[in-house]
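The values are calculated or read from the model by the stated rules, or taken from the named source; none is laboratory data. The model shown is predicted, which means the values in this text are computed figures rather than measured ones. Methodologically, a virtual Cβ is constructed for each residue, glycine included, from the backbone with ideal geometry; neighbour enumeration extends over all protein chains shown.
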Amino acid sequence: MISAILGAEFHPPSTKDFVFDCYFSVDLFGIQICFNFIIALVLASVLIYVLLFLFAFRKPRTVPGKLQALMEMGLEFVREQIAMPMLGPAADRFLPLLVTFFFFIFFMNIFEVAPWVNFSASSRVAFPLVLAVIAWVTYNAVGIAKHGFLGYLRFTCIIPSAPAILRYTLLLVIEFVSNIVIRPITLTIRLAANFVAGHFLLALAFLGTEFFFLSGGLSYLGLVVTAPISVALVAFEVFVAILQAFIFAILTASYIGGVLAEEH
Amino acid sequence: MHALIGSILAQAEEHGEEVSEAADLYPAAGELIVGLLAFAVLFFFTWKWVLPKFKEVLEQRKEQIQGEMEKAEATRGEAEKLQEEYRTQLAGARDEANRIIEEARATADQLRRDLQAKAEEESQAIVGRAQEEIRAERDRVFQELRAQVGSIAVEIAERIVGQSLDERAHQRLIDEFIDEVAPGAGVNGNGKGTATDSAKDREGGA
């Protein structure tokens, strides 16, 4: 109806935006691996990650160059703002994991605002899921290594200060579900949903801007709204890209810190 | 309601528009494997290469800064030591200068005193010698005079004896003789007159 008035077709974004054709497929132990745009993005993220650090620290200097200073700042940030506050003395032990999480997620996220790409692998739930499972395995393994299997279950599921009747019934279930079951799911969905929603937002703003621009006439008025919003959303997505990487890493750190703590 | 949505969907499909399906967002097995491999690669890269390098750089930087600070501290200490040394040297030099000036002053005083004493001594010696000479001269003159006086007396006596003389002649004789012996000496200038006068006085007195 609207398109009838404005004389141009408007194609709203849909979940089909998240499905890509395979460039080619590889059969790996009976599993079909489809090399498509998404896989290319992940590989690009990996490549950028490796190359940036390679060039930054290939010939490290005590007085760092621009790239080295930048990457050092990133590492310092993960160490001082994520690992140290959550893990304290155990920070350096888990730094490789947290650094990988932070930078890998960030490099995947940032493609959401890369011109002509505008798509983040993080919006494909598989990648956040893999990382969340790794985080889940890590903090549970750390807990079991520290307390023993049953000791760890008791440690995570039982709140000693709660009244006994609740401690062994309702709270036990709640603690188990929230600490063991929910955590990897929230980690996954928080990251993936942010970029699914982010992609919809950007697509809507960009497509709307394009539509108004192409329709001509009165519809130029629509540009006044959609064009500034598009720019603002790009800035917002950059912020979200950093924020979500940070949140994923700091939550992982906090889960590990939680199971390392002596008390609840 | 349901029929309405159905019709909208149908319409959308008629227009060739895409329809969202939950399945579009599900993870694919391939993605999971690629994600896991990607993570593994990055994790090992970070663990085995990035962070050791990072640590190395930080260590190096720490060492360098520490080394530089220590060097600066050492330099400062050395400078302070040198300054202290210079200060002592300066004070020493000042003392030395004062000492030299004092010594010079003392030496000059001593020298002046010595010279004064010597000059005094010399002058005294000169005076003494002069006096000695005068005395010697006088003695010599006296001696000579005495010898002459003797002979003169003898001569006078001869002359007195040779002529008979009155008192007046006697006096005249003496005067003549003295004039002869020492013309213009002793009671000189108007010696004659004076001698005469004194003789007259003596005469008058007698």
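Within region A:6-17, the set of residues being within 9 Å of chain B (Cβ to nearest Cβ) and either assigned to a loop (DSSP other than H, G, I, E, B) or exposed (fewer than 14 other Cβ atoms within 10 Å of the Cβ) (or both) comprises A:Glu9, A:His11, A:Pro12, A:Pro13, A:Ser14, A:Lys16.
A Cβ distance below 9 Å, combined with a sequence gap of six or more or placement on separate chains, defines the contacts here; from region A:18-40, residues that are facing chain B (nearest Cβ under 7 Å) and under 17 Å from B:Leu36 (Cα atoms) reach residues that are part of a strand (DSSP E or B) and of a type in the set (D, E, K, R) in the pairs A:Ile33/A:Asp27. A:Met86 - would you say it is in a helix (DSSP H, G or I), crowded, with 19+ Cβ neighbours inside 10 Å and under 14 Å from the mean Cα position of the chain (by Cα)? Here the answer is no, as A:Met86 does not meet what is asked. Consider region A:98-151 and keep the residues that are under 18 Å from A:Val181 (Cβ atoms) and among the polar types (S, T, N, Q). The one that is surrounded by the fewest Cβ atoms within 10 Å (Cβ to Cβ) is A:Thr138. Can you tell me which residues in region A:3-28 are modelled with pLDDT of 80 or more and over 25 Å from A:Thr209 (Cα atoms)? Within region A:3-28, A:Asp21, A:Cys22, A:Tyr23, A:Phe24, A:Ser25, A:Val26, A:Asp27 meet the criteria. In the set A:Ala121, A:Ala141, A:Ala197, only one residue is at pLDDT 90 or above, more than 21 Å from A:Leu47 (Cα to Cα) and within 14 Å of chain B (Cβ to nearest Cβ); that residue is A:Ala197. Kindly indicate which of B:Glu155, B:Glu133, B:Glu96 is part of a helix (DSSP H, G or I), modelled with pLDDT of 90 or more and not polar (S, T, N, Q). Just one listed residue meets the conditions, B:Glu96. Residues that are part of a loop (DSSP other than H, G, I, E, B) and more than 12 Å from the chain's Cα centre (by Cα) within region A:94-123 comprise A:Ala114, A:Pro115, A:Trp116, A:Val117, A:Asn118, A:Phe119, listed in sequence order.
Exactly one residue among A:Leu207, A:Leu187, A:Leu191, A:Leu223 is touching a helix residue (DSSP H, G or I) at 6+ places or on another chain (Cβ under 8 Å) and within 17 Å of A:Val113 (Cβ to Cβ), and that residue is A:Leu191. When A:Ser161 is tested against (1) part of a loop (DSSP other than H, G, I, E, B); (2) under 30 Å from A:His199 (Cα atoms), exactly one condition is not met: (2). Quick check on region A:32-45. Is at least one of its residues more than 18 Å from A:Leu131 (Cβ to Cβ), of a type outside the set (Val, Ile, Thr) and assigned to a loop (DSSP other than H, G, I, E, B)? No: zero hits. Contact annotation: no residue pair with Cβ atoms under 6 Å, 6 or more positions apart or on different chains, pairs a residue in region B:52-65 that is in contact (Cβ under 8 Å) with a residue 40 or more places away in the chain and facing another protein chain (nearest Cβ under 7 Å) with a partner that is of a type in the set (Lys, Arg) and assigned to a helix (DSSP H, G or I). In region B:50-59 there is at least one residue matching the filter, namely being within 60 Å of the chain's Cα centre (by Cα) and surrounded by 14 or more Cβ atoms within 10 Å (Cβ to Cβ). Closer than 19 Å to A:Val133 by Cβ, in a helix (DSSP H, G or I) and more than 7 Å from every other protein chain (Cβ to nearest Cβ): is that true of B:Ala74 in this structure? It is false that B:Ala74 is closer than 19 Å to A:Val133 by Cβ, in a helix (DSSP H, G or I) and more than 7 Å from every other protein chain (Cβ to nearest Cβ). Among the numbered conditions (1) of a type in the set (A, V, I, L, M); (2) modelled with pLDDT under 90; (3) buried (at least 17 other Cβ atoms within 10 Å of the Cβ); (4) under 28 Å from B:Glu56 (Cα atoms), the only one that A:Val63 does not meet is (3). Need the failing condition index for A:Val63 against (1) assigned to a helix (DSSP H, G or I); (2) more than 8 Å from chain B (Cβ to nearest Cβ); (3) among the hydrophobic types (A, V, I, L, M, F, W, C), just the number. The one condition A:Val63 does not meet is (1).
Across region A:190-205, a minimum of one residue is classified as among the charged types (D, E, K, R) and either closer than 19 Å to A:Val125 by Cα or in contact with a strand residue (DSSP E or B) (Cβ under 7 Å, 6 or more places away or on another chain) (or both).
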